[in-house]
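Values in this text are rule-based calculations from the coordinates and carry no lab data. Quick caveat, the model's predicted, so the values are computed rather than measured. Every residue, glycine among them, receives a Cβ derived from its backbone with ideal geometry; neighbour counts consider all protein chains shown.
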Amino acid sequence: MAGTPRRSDAPRADAQAERDAATSLGAPLLEIEAASVRFADAAYPALGAVDLRVAVGEIVCVLGPSGSGKSTLLRAVAGLQALDSGRVRLEGRDQAGVPAHRRGVGLMFQDHQLFPQRDVGGNIAFGPRMHGATREEQHTRVAELLRLVGLPGAAGRVVSTLSGGEQQRVALARALAPSPRLLMLDEPLGQLDRSLRERLVIELRELFGTLGTTVLAVTHDQGEAFALADRVVVMREGRIAQSGTPLEVWQRPADAFVARFIGFDNLVAAKVADGVADTPWGKLPVPPGSPHGEREVLVRPTGVRLVEPDRGLACTVAARTFRGTHVSLALDPATGPRLEAACTLREAPAPGAEVGVAFDPDDVVVLG
Amino acid sequence: MTVPVVFFGIFFAYPVAAIVGRGLRQDGAWQFGALGEVLGDPDIGQVLWFTLWQALASTGLILVVAMPAAYVFARLEFPGKSLLRAVVTVPFVLPTVVVGTAFLALLGRGGLLDDLWGLRLDTTVWAILLAHVFFNYAVVVRTVGGLWAQLDPRQEEAARMLGASRFRAWRTVTLPALGPAVAAAALMVFLFTFTSFGVVQILGGPGFATLEVEIYRQTAQLLDLPTAAVLTLVQFAAVGAILAVHAWTVRRRESALSLVDAAYAVRRVRGTGQRILLGFVLATVAVLILLPLGVLVERALDAPGGYGLGYFRALMSADGGAFLVPPIDAVANSLQYAAVATLIALLVGGLAAAALTRRAGPFTRGFDALLMLPLGVSAVTVGFGFLIALDRPPLDLRASWILVPLAQALVGVPFVVRTMLPVLRAVDSRLREAAAVLGASPWRAWREVDLPLVRRALLVAAGFAFAVSLGEFGATVFIARPDNPTLPVAVARLLGRAGDLNYGQAMALSTILMIVCVVSLLLLERVRPLSRGAGTAGALD
């Protein structure tokens, strides 16, 4: 799922063309410039001079741990959070002083925030109604959106009877109903169970592709971000740590924080020179063109290969965990910190076994 | 926030300050000599002592009588439960004057017990205590029972599994969890009985006077303002202390309790013990609540020429001589005053609650406590304060009809705030944000999101404010004009006169007042089940 950021359906191409046109005009939909927000008695700013651009039709996913400022970013764009300094522009227009209800952006809240006193139809019709749609138009729009999110005929249902997944769909339909120029999603799939999440993330991507919607989403789940986004923006303590396609971020994390956050734990300090990194695990081969000097080095688990016990780095198998498609091994090497390795079920050694480890240069990344 | 602060400043703080100043300032200088003089007076000492001990005795008695009912309502399921719940709540919205009259009809001269066994309890402390129990039963049942219903019974079960007996489990697990609610209810009851006016005025006779009654006597009958001012200050200090303790217990109550949906813990009645408890509660309700009200109605219908509407008809004419107008006019007066008072109370209380929802901090907490003050501060003082403070420019309202609703609204505001606050606090601000992002302006968002959610609470608050305004006596008795009496004032005036006709008319008028209050309560109960936590229990949290 991760690492394949390609949209397969046909309308996507139109959206792509549209986006290219917009980009060529040099007018991104959303421009955030040096946006800063500081809350009282916080150790670091919620947003520290953040710059971000989102092109028309692009899906950008902001990824970060809780407290990294990603929700504040959305709220600032929505007009729910005033900036201390910096600027938010939509279609080139500065949004300073424009209240939330006039910005024409949609926001899907973390726990949906459906209006409890209205039924499904009433929730979805809310936005069009605020924008002066007639009863007839509202009705048509509700039916249309319910079909789109896969809940046809649910307009009369009471919100409290909806399952988590249904609530999520209704919240999405409600956010889409006024046709916002930018749709923002705050942890869109946060509270759903895993299998539902994996299914919905694909549905969402297909849907946004069909509609050509410009999306800015935030999540703490890297799998979700990689599956959903054209571009991933990793945030840390109110600043952007890295921005790039899912593949770029996956292959070349900008620093140890990003690497750890997207799930890599094999990180050591090393001295890199002449295609070799000198690490506590011994000398590791690095890909050509890697930077030299005192660096941090990442070894992806797939690059930790098991060999005969008497060759390579001697390790003891501390634990093994079945991950469905592969087995994850925790190895205690003779020198250096614990290593994570990935291998097939057939070749997985038992805990306590002595193994040797060799490193594959393609999976060794010199950071920075 | 400005509107409520100004309202309380002008119509509460200013009159109270005026009356205190009038009493203690002479020739432009403060005279505190009166303070020691009054407090040293053995008669006043007697009043203070009586006020204190009758409040303590009432509170103790109410807890003993009402705790089993709190349990029964919280944990047992039986036919007619919702009806019984409504019956129990009735006394709370009844005016003190009606309660006094009802007990007079039961225990007084020519009352039911007098007829049957020649037993008279009026002018004894028992009449006062029983009337207090009648009046405050619902406070304990609702406040304690409301929490009890939500306590997770598995906590007690866990204690049982660890080897505690049934009683021990209750004592070590449930009672401590209920403790703060019991304390809060007891304090509210203590506050109400400490400042009791109408009941004591009607049932106490010359022998018994609470501070409030004494303040009334000193101001209205003896015109001894310095003494009244000192007593007002004493009551002020006492009420302040009670409210401070109350605020403290409420804060302590915020400790995390394991709460469940009330419906989850309810069981059908089974076993002898539970049957006895239920029987006890039913008997208490029958004797203490239904009997006095029944007797009241019976006396109202017991006209000289046999049972009939004779006394009610007499209310239609001004011939009785007690008033310039037919007493029945008081019904229209009362309804109009109460309607206006309700609007004012909703406006001021709603704004105050909204302000309290948005802000936090010591100032807000102080304001919160301030809003509760009119509940306890001598209504008599407020009423008299209105007369002397609002009688000259720039605020010459003495001749204005608005004075009565203003005073009544003052008493209604705390109920509105207590009812609205929990509901307003429960509205998630992100719902408003969701509406804003969907294109709703702030005002539109309030109308579309907040209003539908709080509408029920608003209705409940309106009902309480209406009932409270309708029954307000202590302040109204000063400021209602003779040609425009309210129902409670008219009842009290009729009772103050000799003769069977006046007595019968008082009973009849009380019955009308009771019916009006009960009808507004029934309307309340109809909207109530869907608005959890609002109402009496919420009002007293």
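What the table shows:
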| quantity | calculated |
| --- | --- |
| FRET efficiency estimate (nearest 0.05) - Cβ-Cβ, residue B:313 to residue B:483, R0 22 angstrom | 0.55 |
| Cα centre as origin, Lys/Arg/Asp/Glu Cβ charges: the stretch A:264-366 dipole, Debye | 200 debye |
| Per-pair calculated FRET efficiency, R0 = 30 Å: residue B:245 and residue B:39 via Cβ, rounded to 0.05 | 0.85 |
| Of A:336, A:223, A:209, the one that fluctuates the most in a GNM where chain A has Cα springs shorter than 10 Å | A:336 |
| Peptide A:99-107, shielding by other chains (average Cβ, 10 Å cutoff) | 5 |
| Inter-label distance, nm, simple model (7 Å from Cα along the C-beta direction), residue A:117/residue B:523 | 1.9 nm |
| Acute angle (nearest 10 degrees) that the helix A:135-148 long axis makes with the longest principal axis of chain A, alpha-carbon atoms | 20 degrees |
| Potential lengthening between residue A:307 and residue A:40 on full extension [0.36 nm per residue; Cα-Cα distance subtracted] | 90.6 nm |
| Per-residue average of Cβ from other chains inside 10 Å of A:110-119 | 4 |
| Charge dipole (debye, nearest 20) of chain A; +1 at Cβ of Lys and Arg, -1 at Cβ of Asp and Glu | 940 debye |
| Where labels lie 7 Å past Cα in the beta-carbon direction, separation of residue B:343 and residue B:46 in nm | 4.8 nm |
| Mean separation of Cα contacts under 8 Å (6+ apart) over length of the stretch B:41-199, as relative contact order % | 36 percent |
| Distance histogram in 20 Å bins (all Cα pairs of chain A, percent per bin) | 26, 49, 22, 3 |
| Relative packing of peptides B:336-343, A:35-42 - highest average C-beta neighbours within 10 Å first | B:336-343, A:35-42 |
| Ranked B:415, B:190, criterion: other C-beta atoms within 10 Å, fewest first | B:190, B:415 |
| Extension gain (nm, one decimal) between residue A:160 and residue A:194, 0.36 nm per residue minus Cα-Cα | 10.1 nm |
| Chain A, relative contact order in percent, only Cα pairs under 8 angstrom and at least six apart counted | 17 percent |
| Taking the stretch B:116-247 and dividing mean pair separation by its residue count, relative contact order in percent (alpha carbons under 8 Å, at least six apart) | 28 percent |
| The stretch B:403-499, dipole about Cα centre (Lys/Arg Cβ +1, Asp/Glu Cβ -1), debye to the nearest 20 | 60 debye |
| Spin-label proximity, residue A:323 to the stretch A:289-309 - amide N less than 11 Å from point 7 Å beyond Cα toward beta carbon | A:300-304 |
| Averaged over B:427-436, number of beta-carbon atoms from partner chains that fall within 10 Å | 6 |
| The stretch A:72-201 shape via C-alpha gyration tensor axes, a/c threshold 1.5 | oblate |
| Relative exposure of A:160, A:179, A:290, judged by other C-beta atoms within 10 Å (fewest first) | A:160, A:179, A:290 |
| Rg/Rg_globular for the stretch A:264-366, with Rg_globular taken as 2.2 N^0.38 Å and Rg from C-alpha atoms | 1.04 |
| Ordering of B:52-59, B:84-91, B:126-133 by burial proxy (mean other Cβ atoms within 10 Å per residue, highest first) | B:126-133, B:84-91, B:52-59 |
| Likely footprinting exposure, A:163, B:510, fewest C-beta neighbours within 10 Å first | A:163, B:510 |
| Positive-pole candidate from A:321, A:349, A:331, dipole of the stretch A:264-366, charges at beta carbon | A:321 |
| Mean ellipticity per residue at 222 nm, deg cm²/dmol - from DSSP H runs of n ≥ 4 across chain A, formula -39500 (n - 2.57) | -8000 deg cm²/dmol |
| Modelled FRET efficiency - R0 35 Å, residue B:425 with residue B:291, Cβ distances, 0.05 increments | 0.30 |
